[in-house]
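Peer 1: Structure provided below as structure tokens; questions to follow.
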Amino acid sequence: MTTKTDILVLNELDFNFREEIACQPGGENIKRCFACGTCSASCPITEIDDRFNPRKIIRMALLGIKSEVLSSDFIWICCNCYLCYERCPQDVRFTSIIHAIRNIAIRELKKKKNVIRAPNFLFAHSFLETVKDYGRLWEPGLSLKFFLRKKDFKGILAYAPLGIKLYRKGKVPISPSRGGTAAVKRIFKKIEEREER
Amino acid sequence: MKIGYYPGCSLHSSAKEYDLSAHLISGSLGIELQEIKDWNCCGAFEAASLSHLLALALPARNLSIAAKEFQKVIMPCSACLLAHVRVKKELNGNEKLKREVSEIIEQQAVVDLDVRHLLDVLVNEAGIEKIKGNLKRSLNGLRVACYYGCVVVRPSQFYHFDNPDCPQSLDEIITALGGQSVPFPYKTKCCGGALLLPNEELTIEMTKSILIGAKDWGAQCIVVACPMCHMALETLYPKVESKYKVNLDMPILYFTQLMGLAFGYRVKELGLERNLISPMELVHSLQRS
Ligand code: SF4
Ligand code: SF4
């Protein structure tokens, strides 16, 4: 039996999506994919949760299933291990394609045309905010920012014992290490201006 | 020989023991690591997700600073290494992009700086013979699982010093120091370190195959060459033990820490008391033997 999710509604597809990805740095080679599945067979995430599937994401993108791809948590779950990138016989560069798709998802989010709930997105955001503040990463600040942004107060409590253990081992600096702070702030500002254009 | 050194954020905080041991080992092998000035975070894996330009600009600034003083810069962290070699690869030959990045970082972007992983330099520049020459206390047949992790050898399109599917550098070091590197099919399988905080469940599954795999293949310890791998394997270790009801008994050392023991350095000098999974039993058995 066909279920609703198996049906593609033609006028809901965005055939420009593939071009949009191909124009984004890193997405150039998307159309070279011949669906061999080497990426999915190599992916350590697919091995654990086969709802994440690089080949499928590429197919969906090529078919123009734009909003589903852009709002999916799965585009945020790739852990950047570059195994698919290394092995793809067509040099599609899936890891870079995922970056390109994430960049588009964020652009659409800023235009209020997309929603992103994936924790990995919140994490990346918190990470870079910390870097913007100090020029370098400050791990305790990042962890706290992340849990607060996720409104995950239980998470903070669950994380506390490990935090204390790390602190005792001298692995949690009380104050942030700084480097290139002013220069990094200017880098962020210039890029934000460019991306708003 | 003085070489530029980019420690990256972790080596100044959670992975201080890697920093300590990296300096000692390099010193023994005649390489003086000099930290580059006023470096900034490279954006690790995260910058590329949010903004392509940011993922270029952050590492590009470090490369430009380093190039003022050095021809070569060493990175002990695989994620930092990836971020920097990716910029070199992308800017090389793309004058327009290079100009844009130069404008953003307010200095000339450079692509010809030699960027290398610490492991690469120790094995291929200092060399195995020199490593052997520094041996003071043999590893005495210690069975070691050499875990490389993902982006130290991948993608070979960016940077290539060892076989991306079955690298040998760590194994060569361990063998040279009198240890045994066990056959280990998970050598380059990703630990999921980047997902540690946002997606712990998934990371537990990913570290599980490495930790339990090492035990199944008869290892007595694991060596790593990346602070993210170390953090993921150590912090999830108790969770893997309780979820899979195993007793791992498998300390995880930076390869430089194990080299340090063989070179005769003391526990404190190598920061071995900072490891979450205590390697002390292993250290004592090496000292007894
Ligand atoms: S490995 Fe490459 S060509 Fe094969 S399905 Fe994946 S992206 Fe397409
Ligand atoms: S880079 Fe991402 S998609 Fe590719 S194999 Fe690794 S986790 Fe899977």
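The values are calculated or read from the model by the stated rules, or taken from the named source; none is laboratory data. No experiment lies behind these values; they were computed from the predicted model shown. Don't worry about glycine lacking a Cβ; one is built from the backbone with ideal geometry, like all the others, and counts go over all protein chains shown. Surface areas here come from the heavy atoms of the whole protein model, side chains and all, with no ligands, DNA or RNA. Shrake-Rupley method; radii C 1.70, N 1.55, O 1.52, S 1.80 Å.
Peer 1: May I ask you to list the residues in segment A:153-189 that are within 10 Å of chain B (Cβ to nearest Cβ), without any contact (Cβ under 8 Å) to a residue 40 or more places away in the chain and outside any helix (DSSP H, G or I)?
Peer 2: A:Lys169, A:Gly170, A:Lys171, A:Val172, A:Pro173
Peer 1: In segment A:49-98, which helices (runs of 4 or more DSSP H) lie fully inside it and hold 1 or more residues that are more than 16 Å from ligand 1 (Cβ to nearest atom), without any contact (Cβ under 8 Å) to a residue 12 or more places away in the chain and more than 14 Å from every other protein chain (Cβ to nearest Cβ)?
Peer 2: So the answer is A:66-71.
Peer 1: Here is a follow-up. Output the number of residues of segment B:1-53 satisfying the condition of being over 16 Å from the mean Cα position of the chain (by Cα), surrounded by 24 or more Cβ atoms within 10 Å (Cβ to Cβ) and part of a helix (DSSP H, G or I).
Peer 2: Within segment B:1-53, residues that are over 16 Å from the mean Cα position of the chain (by Cα), surrounded by 24 or more Cβ atoms within 10 Å (Cβ to Cβ) and part of a helix (DSSP H, G or I) number 4.
Peer 1: For segment B:116-158, what are the residues that are within 16 Å of ligand 2 (Cβ to nearest atom) and under 15 Å from the mean Cα position of the chain (by Cα)? Spell out the reasoning first.
Peer 2: Step one: list which residues in segment B:116-158 are within 16 Å of ligand 2 (Cβ to nearest atom), which gives B:148-158.
B:Tyr148, B:Gly149, B:Cys150, B:Val151, B:Val152, B:Val153, B:Arg154, listed by residue number.
Peer 1: Does A:Thr46 count as within 16 Å of ligand 1 (Cβ to nearest atom), out of contact with any Gly (no Cβ under 9 Å at 6 or more places or on another chain) and without any contact (Cβ under 8 Å) to a residue 12 or more places away in the chain?
Peer 2: Details: within 16 Å of ligand 1 (Cβ to nearest atom): yes; out of contact with any Gly (no Cβ under 9 Å at 6 or more places or on another chain): yes; without any contact (Cβ under 8 Å) to a residue 12 or more places away in the chain: yes.
Yes: the conditions hold for A:Thr46.
Peer 1: Check whether at least one residue in segment A:118-129 is buried (at least 19 other Cβ atoms within 10 Å of the Cβ), among the hydroxyl-bearing types (Ser, Thr, Tyr), modelled with pLDDT under 95 and more than 16 Å from ligand 1 (Cβ to nearest atom), and report yes or no. Break it down stepwise before answering.
Peer 2: Taking segment A:118-129 as the starting set, the residues that turn out to be buried (at least 19 other Cβ atoms within 10 Å of the Cβ) are A:118-124, A:126-128.
Cutting the leftovers down to among the hydroxyl-bearing types (Ser, Thr, Tyr) gives us A:126.
Pick out the ones that are also modelled with pLDDT under 95 and you get none.
Checked segment A:118-129: no residue is buried (at least 19 other Cβ atoms within 10 Å of the Cβ), among the hydroxyl-bearing types (Ser, Thr, Tyr), modelled with pLDDT under 95 and more than 16 Å from ligand 1 (Cβ to nearest atom).
Peer 1: Take segment A:8-47 and flag every residue that is within 17 Å of A:Leu83 (Cβ to Cβ), of a type in the set (A, V, I, L, M) and either more than 14 Å from ligand 2 (Cβ to nearest atom) or under 18 Å from the mean Cα position of the chain (by Cα) (or both).
Peer 2: Of everything in segment A:8-47, just one residue is within 17 Å of A:Leu83 (Cβ to Cβ), of a type in the set (A, V, I, L, M) and either more than 14 Å from ligand 2 (Cβ to nearest atom) or under 18 Å from the mean Cα position of the chain (by Cα) (or both), namely A:Ile45.
Peer 1: So, B:Ala219, is that one touching a residue at least 40 places away in the same chain (Cβ under 8 Å), in a loop (DSSP other than H, G, I, E, B) and under 24 Å from B:His284 (Cα atoms) or not? Give the steps one after another, and end with the answer.
Peer 2: On the way: touching a residue at least 40 places away in the same chain (Cβ under 8 Å): yes; in a loop (DSSP other than H, G, I, E, B): yes; under 24 Å from B:His284 (Cα atoms): yes.
Taking the combined requirement at face value, the residue satisfies it.
Peer 1: Filter segment A:73-87 for residues that are more than 9 Å from ligand 2 (Cβ to nearest atom) and under 17 Å from A:Ile30 (Cβ atoms); which is most open to solvent (accessible area, probe 1.4 Å)? Spell out the reasoning first.
Peer 2: The initial filter retains those residues of segment A:73-87 that are more than 9 Å from ligand 2 (Cβ to nearest atom), namely A:73-76.
Now drop any that are not under 17 Å from A:Ile30 (Cβ atoms), which leaves A:74-75.
Numbers: A:Phe74: 52, A:Ile75: 2 Å².
That would be A:Phe74.
Peer 1: Moving on to the next point. Only residues that are touching a Cys at 6+ places or on another chain (Cβ under 7 Å) and either over 21 Å from A:Phe94 (Cα atoms) or open to solvent by 30 Å² or more (accessible area, probe 1.4 Å) (or both): list them for segment B:149-205, please.
Peer 2: Correct list: B:Leu170, B:Asp171, B:Ile174, B:Ser181, B:Phe184, B:Lys187.
Peer 1: Then there is this: Considering segment B:206-220 alone, what residues qualify as being within 10 Å of chain A (Cβ to nearest Cβ) and either crowded, with 24+ Cβ neighbours inside 10 Å or not hydroxyl-bearing (Ser, Thr, Tyr) (or both)?
Peer 2: Within segment B:206-220, the first condition is being within 10 Å of chain A (Cβ to nearest Cβ), and the residues that meet it are B:206, B:208-209.
Within segment B:206-220, B:Met206, B:Lys208 meet the criteria.
Peer 1: Which residues, counting only those in segment A:1-48, are open to solvent by 30 Å² or more (accessible area, probe 1.4 Å), in a helix (DSSP H, G or I) and in contact with a helix residue (DSSP H, G or I) (Cβ under 7 Å, 6 or more places away or on another chain)?
Peer 2: If the condition is that a residue be open to solvent by 30 Å² or more (accessible area, probe 1.4 Å), in a helix (DSSP H, G or I) and in contact with a helix residue (DSSP H, G or I) (Cβ under 7 Å, 6 or more places away or on another chain), then A:Arg18, A:Glu20, A:Lys31, A:Thr38, A:Ile48 are the ones that fit.
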